[in-house]
Amino acid sequence: MKRYVYINDNESSHKLYCDNRISNRKYTVLNFLPKNLWEQFGRFMNQYFLLIACLQLWSLITPVNPASTWGPLIFIFAVSASKEAWDDYNRYFSDKKANEKLVWVVRQGIRKHIQAQDIHVGNIVWLRENDEVPCDLVLIGTSDPQGLCYVETSALDGETDLKTRVIPATCMGIDFELLHKIKGVIECPNPDKDIRRFDANLRLFPPFIDNDVCPLTIKNTILQSCYLRNTEWACGVAVYTGNETKLGMSRGIPEPKLTAMDAMIDKLTGAIFVFQIVVVMVLGIAGNVWKDTEARKQWYVLYPLEGPWYELLVIPLRFELLCSIMIPISIKVSLDLVKSLYAKFIDWDSEMIDYETGIPSHATNTAISEDLGQVEYIMTDKTGTLTENRMIFRRCCISGVFYGNESGDALKDTKLLNAVAVSSPDVVQFVTVMAICNTVIPIKSKTGAILYKAQSQDEDALVNAAAQLHMVYANKNANILEIRFNGSVIKYELLEILEFTSDRKRMSVVVKDCQNGKFVLLSKGADEAILPYAYDGQQTRTFIEAVEQYAQLGLRTLCLAWRELKEDEYQEWSLMFKEASSTLVDREWRIAEVCQRLERDFEVLGVTAIEDRLQDGVPETIETLRKAGINFWMLTGDKQNTAIQIALSCNFISPEPKGQLLLIDGKTEDEVCRSLERVLLTMRITSSEPKDVAFVVDGWALEIALKHYRKVFTELAILSRTAICCRVTPSQKAQLVELLKSCDYRTLAIGDGGNDVRMIQQADIGVGISGREGLQAARAADYSIGKFRFLKRLILVHGRYSYNRTAFLSQYSFYKSLVICFIQIFFSFISGVSGTSLFNSVSLMAYNVFYTSVPVLVSVLDKDLSEGTVMQHPQILFYCQAGRLLNPSTFAGWFGRSLFHAIVVFVITIHAYAYEKSEMEELSMVALSGCIWLQAFVVALETNSFTILQHLAIWGNLVAFYVINWIISAIPASGMYTIMFRLCRQPSYWITMFLIVAAGMGPVLALKYFRYTYRPSKINTLQQAERMGGPILTLGNIEPQPRSIEKEVSPLSITQPKSRSPVYEPLLSDSPNSSRKSMGSGTPFDFFQSQSRLSSSYSRNCKDN
Amino acid sequence: MSETNSDRQRRGDRESAFYLFTQQRLPACKPVLTPPWVITIYFLVGFIFVPVGLFTLRASHSVVEIEERYDIECVPSQFRNDKVSYIQDDSVPKNCSLLFKVDKYMKAPIYIYYQLENYYQNHRRYVRSRSDQQLLHGRNFHGTSYCQPLESSNNRPIVPCGLIAWSLFNDTFTFIRGKALLKVNRTNIAWKSDRDHKFGKNVYPFNFQNGTWIGGGKLNPRIPLSNQEDLIVWMRISALPSFRKLYGRIEEDLDVGDYVVVQLMNDYNTYSFGGKKKLVLSTSNWLGGKNDFLGLAYVFVGSSSLTVAIVFMLLHLRSQR
């Protein structure tokens, strides 16, 4: 299907195509309620609660007042719905702002200021410099005489460099005034989301040149959300509008992310649900049997002889309702609440504020903090994420002379400055190459200063450095380059640009010196792409040394070279080049071949060294997180060498003897396959050695590997703790994340640019760095931080605490519901299996919503270990990664505890309140207060650190329980009138309470203490060390300390379990420091070995589960 | 300048509790389960619980309780094999007598309870079959659907409606010591709060036990519900299938060796479902009636916790060495 866009035809297109109204809204006022409810009821838990609530409306079977379920249910729905409504309102608001922006559009041949939403397909839209493009346009005119304009596309693809766009050939030279009246037709495909492709045709109608159709490509378009730069004005025909633009088509509401923990909670909920069904069936059958055998004899119950047809269902359904509290309705509310608090803690954290820019960290997605604590893979972008993305020219070597070695900054090296001042020919040549061998566009700002718009940061750094060395690239006027050097103006005519490709690893320009008419080839590129092509006889030893020296310092090196060309040589070559440029088959290869003919016999001028400084704390952060068992992958669009250099300098990989880099390359499937298998083999062999093995793969090989050898590559990915993927596209980044996710790993993607957005959205957790490449990544991300180093705190502190807290909170929520539910079940055995509720509706509702929810909410302040301890022993993150605190076996513990506590409460209550005291209301209050007492002590026992708030909530809640019940007991109309006063006056009530607490908590405490002291987990060990005397807090001092303390530490550093699959063995030994320590400590080897075996096998089990 | 200002502000904020909260840095105490602490706790619990248990046990033992089952004895021998027909046959006289021998001195007030076993007052059909509003407001209150099937008979509402009232316990007891009738106080046996606030002073039984099914006891239609104390006691349903309900109080002491003869009307049908009926005389103290459970449980918990403490202490000592 195609669409035909008639230029300037105001009538025809209106009905066919939508206007330019952008709408990101999910709802309208009318469909909000039904749509939102429909969405909410898509979730299993909500369906379950709705079913229960509906069943409760049937008074024959409901054990309690329906309000006890409807109230919380409506509350929960109201909360989620209003949150959705608020978000949607904000979206509506930002749409409205975009829609009502005023733009110039031609209407009836006259330019008018209209709102952006009124643009129709076929309209001609005029843009001025720095305007945002309101819809997808086909260029028809610009202020530039050559029909060029520059756009910034960062919002679209994340690339910050300026791109040139050109008007179609037929529109060339149309008069400014005539542009208003232009008529024609554009034949273009239906809207799609491919931002790199636009295959269309344009034909202008008379009186304009009415010749053949003119083909259009993406080069002739400017797309929505781009910005017009360095061009006074431009105009274009709207082809796609509104939500049908390329941007609008590619925009999708990202899938809501579900944390591993949520998935686990869902799983456990499912298990509880199954358990509940089993209980209901068993009790239902028992109830019906009892009814037929016993209850019919009990004349006082007066069972009718013939019941209705549904009689058999009544008792099971009653039990279903009675047991429905097994799945606590409060858990969703509690979790939402604490999750938003976790997010707030991240926002508030003053240690994660980037004081340079004043940007605080921010959690956009408030629902996934726990996942931070379970991260297993971190996929990181390089430039701007690990580095500051601020390239600085640091050193250079010109004709064998090193500049900048002493001061570390060549621009301040007086030797170099002097050489420039005296116009030493070597140096001038060198600086000239720096200044003009590039694709930089100089822009004069209004103040007269010159700004450079560069595609690559390296070129930017070189041009700026040249300017500081008084070689100012002042102007580019069509093909004339203007250089100011020491006061004089030199002009060059730019003849050809031999563009950079990753294969050639160099770029060159051919210029003609306008002063003397000489043709010169200027080249810059990687050392291996320049030095071998030096003319015979040139000594390149010093340059090789320089390159090595600089590379070791982590600097990015470029070799600069030049060659004078004879005119006829150039002319001859130029023809070949033109021919190659216009070939249709293997064009790139042909061009490379032609370029090769010119790029030879260089006179190598020197070597530049550019520094892309690492951000503060990057190596430390990476080291700490790797110790925490997190695997790092670097996904960068950058060159292989640079990536490896940066990886080396930030502890990503270790240099040679310790580390090993395995290269996966190849151009064809076979090559890639062979290389892949070789790497995999090496990986398997070396996996037993304590060697830091990483693989390096480039985008091309990756493409093949992902397409044809996905299985092998996946295995490799699982084996490897470290990988460097260079020259990868944004979609490949996303694919890699997808790959790891499909292996059931928790992935975190961190990046700063628009090209990382897809990866960030794809990953379980996306972290954006609000850096120099704008806020695009930060906006798309779940978390935005100012600097890479905050990642450490985000994961180890916030992620870990969130995980621990949610683990406790969710299991506790089930526990407390189960306790009350078990009591109800036990009670049904002494109430003729008839489904009587022991507790009244008010108590049941208050128990779930209030008594047991408030104390546990303050567990968001609980810290099992201090932040400092966690930072020093990042290994304990393993407990979170492996899901040790929330898994079926811990849950079984809580399940058992709830069963035990229910038995304790029930047995003690019915025996202590037997016979004459067995009044229903009293007995139920005794059982309820027994539960409340136990809850207080359970929460207290599970709390690791008590702040004033915890005390208030735990003990205050206990007091509040009595106050509330006294109040209810004072209301004559209530069922429990005077009950609580009565009970509180009885000594036996208090005796019973203490008995319940002692009997319920005694075994729990004993078990906990026993585990804590004699089978301590690493967390316990650290807790003890942290609280008993603190020497562990200063790990640096630990070595000279006596042995006893070391004993506590060393197993910890050893047993960092990294095993993920049976074949996998830790590739990375622990830091040399810790392993040395353990060897010296004299700790019995078998002790910690058995420990590590235990933990590793455990982790495997976890994964299998 | 602004930098220093914000610095100062930051430092100033540092003291505020809210700032500490936002930074999750509220001062916290972190208790550790150290061996001394835990062992002390267990010893403490042990040393408190054992004496309290013994004390409670003594209190329980100081309560004198006489319990006699009468539902079997009172069935004439010819009906032993078909007790149900006995109880349902109105022509058979239901009177019966029971002999209590007092083994220990019983100080007044002595509480008289009737005890029912295997009687499910907590059955779901039963529990809900009442109307609190009707009990308080009488016949004018119409929302009595819970009382089904005993909501109305002959198209007239039943007051009090529902299964609970309908199945009112109706055995009666008179107590004779030696030759004299023992004075039994049958007032104030129900909770005062119930009499005052739950059962209407102007609500009189109406159309009660007039239907096709006859349940338990009848009510005097001239006495308001708030004074029908047997009904009020009965309507405080029990949560357990074995329960005692107060019948009255003997306000004289009973001496050792006294014989109390109980003349009773065995009207209430427990035979059809195998329930037991017992009559209990019991004194009372701060603990309530006789109940060894609390004392025994305390002693048990206390001694277990002492054991645990000793085990932990030994473990601790061994691991220290």
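The values are calculated or read from the model by the stated rules, or taken from the named source; none is laboratory data. Since the model is a prediction, treat every value here as computed from it, not as a measurement. Positions of Cβ are generated from backbone atoms using ideal geometry, with glycine treated the same way; all protein chains shown enter the neighbour counts. Side chains included, ligands, DNA and RNA excluded: accessible areas come from the protein's heavy atoms. Shrake-Rupley method; radii C 1.70, N 1.55, O 1.52, S 1.80 Å.
Counting Cβ atoms of other protein chains within 10 Å of each residue's Cβ and taking the mean over peptide B:284-292 gives 4. With the gyration tensor restricted to C-alpha atoms of segment A:389-444, the semi-axes of the equivalent ellipsoid amount to 20, 16, 10 Å, longest first.
Build a GNM of chain B with springs between Cα atoms under 10 Å apart, and of B:L306, B:L33, B:L287 the one that fluctuates most is B:L33. Once both labels are positioned 7 Å from their Cα atoms along Cα-to-Cβ, the gap between A:Y89 and A:R985 label points is 5.3 nm. Entry note, the protein assembly as shown: the mean residue ellipticity at 222 nm calculated from DSSP H runs of n ≥ 4, each adding -39500 (n - 2.57), is -13500 deg cm²/dmol after division by the residues and rounding to the nearest 500.
Modelled spin-label separation between A:S889 and A:R25, with each label point placed 7 Å from Cα along the Cα-to-Cβ direction: 5.3 nm. Over all orientations, segment A:835-936 has a Cα convex hull whose mean projected area works out to 8.7 square nanometres. Percent of C-alpha pairs per 5 Å bin in segment A:355-505, short distances first: 2, 7, 13, 17, 15, 14, 9, 7, 6, 5, 4, 2, 0.
Per the Debye calculation on chain A with a single equal scatterer at every Cα and no solvent contribution, log₁₀ I(q)/I(0) for q = 0.05, 0.06, 0.08 Å⁻¹ amounts to -0.45, -0.63, -0.99. Taking the three principal axes of the alpha carbon atoms in segment A:270-330, the coordinate ranges are 40, 21, 19 Å, sorted in descending order. Residues of segment B:262-291 with an amide N closer than 19 Å to a point placed 7 Å from the Cα of B:V92 along the Cα-to-Cβ direction: B:264-278.
With each pseudo-label sitting 7 Å past Cα toward Cβ, what's the A:V963-A:K183 distance in nm, one decimal? For the pair A:V963/A:K183, the computed spacing is 8.3 nm. For segment A:823-829, backbone phi angles converted through the Karplus equation (6.51, -1.76, 1.60; θ = phi - 60°) give residue-by-residue couplings of 4, 4, 5, 4, 4, 5, 6 Hz, Gly and Pro being listed as x. Put simply, segment A:307-421 fits an ellipsoid with semi-axes of 69, 16, 8 Å; these come from the alpha carbon gyration tensor as the roots of five times its eigenvalues, largest first. In this structure the amide hydrogen of A:M379, modeled in the peptide plane, comes within under 5 Å of the amide hydrogens of A:W633, A:L748, A:A749, A:I750, none closer than 5 places in sequence on its chain. When A:E579, A:E320 are compared by accessible surface with a 1.4 Å probe, the order from highest to lowest is A:E579, A:E320. Pairing chains A and B buries close to 6900 square angstrom of accessible surface in total, based on protein heavy atoms and a 1.4 angstrom probe. Remark: the A:Q146-A:L681 segment gains 186.9 nm on full extension, using 0.36 nm per residue and subtracting the alpha carbon distance. For chain B, the cysteines with no partner cysteine C-beta closer than 4.7 Å are B:C29. Overall form of segment B:203-251: oblate. Here a/c, set by the Cα gyration tensor axes a ≥ b ≥ c, is 1.5 or more, and a/b is not larger than b/c.
Here segment A:233-381 was treated as a single set of alpha-carbon atoms; its pair distances binned every 5 Å from 0 give 2, 7, 9, 10, 10, 8, 8, 8, 7, 7, 6, 5, 4, 3, 3, 1, 1, 0, 0, 0 percent.
In summary, the lysines within cross-link reach of A:K246, defined as a Cα separation below 19 angstrom excluding same-chain residues under 8 places away, comprise A:K2, A:K163, A:K193, A:K219. Going from the isolated chain to the complete set of protein chains, segment A:888-919 loses at least 30 Å² of heavy-atom accessible area (1.4 Å probe) at A:H911, A:A912, A:Y915, A:E916, A:K917, A:S918, A:E919. Using the Cβ-Cβ distance between A:L553 and A:D336 with R0 = 60 Å, the FRET efficiency computed as 1/(1 + (r/R0)^6) comes to roughly 0.75. With respect to chain A, whose longest principal axis is taken over its alpha-carbon atoms, helix A:425-436 is tilted by about 60°. To the nearest 10 degrees, how steeply does helix A:260-290 sit against the main Cα axis of chain A, on a 0 to 90 scale? Its long axis makes an angle of about 30 degrees. Look at the stretch B:267-275: the mean tally of other chain Cβ atoms within 10 Å of its residues' Cβ atoms is 3. The mean count of C-beta atoms from other chains within 10 Å of the C-beta of residues in A:987-999, rounded to a whole number, is 5.
Treating the angle as unsigned and between 0 and 90°, give the value, to the nearest 10°, between the Cα long axis of helix A:1085-1104 and the longest Cα principal axis of chain A. That works out to roughly 90 degrees. Accessible area per residue for chain A is 40 Å², calculated with a 1.4 Å probe on protein heavy atoms, without ligands, DNA or RNA.
If you plug the beta carbon distance of A:E132 and A:K444 into 1/(1 + (r/R0)^6) with R0 = 22 Å, you get a FRET efficiency near 0.40. Provide the percentage of antiparallel DSSP beta bridges, counting only those with both residues in chain A; round to the nearest 5. In chain A, approximately 75 percent of DSSP beta bridges are antiparallel ones. According to the calculation over all Cα-Cα pairs in segment A:84-198, the P(r) per 5 Å bin from zero is 2, 9, 16, 20, 22, 16, 8, 3, 2, 1, 0 %. With N the number of residues in segment A:949-1001, Rg(Cα) / (2.2 N^0.38 Å) evaluates to 1.31. Can you classify chain B as rounded, prolate or oblate using the Cα gyration tensor, where a ≥ b ≥ c are the square roots of its eigenvalues, rounded means a/c under 1.5, and otherwise it's prolate if a/b beats b/c and oblate if not? Verdict is oblate for chain B. With a Förster radius of 41 Å applied to the C-beta separation of A:L37 and B:S145, the computed FRET efficiency comes to 0.85. With the convex hull constructed from alpha-carbon coordinates only, segment A:883-969 shows a mean projected area of 7.2 nm² over all directions. The region of chain A that goes longest without hitting one of the chymotrypsin sites (Phe, Trp or Tyr not before Pro) in a DSSP loop, each with at most 14 other Cβ atoms within 10 Å, is A:536-1105.
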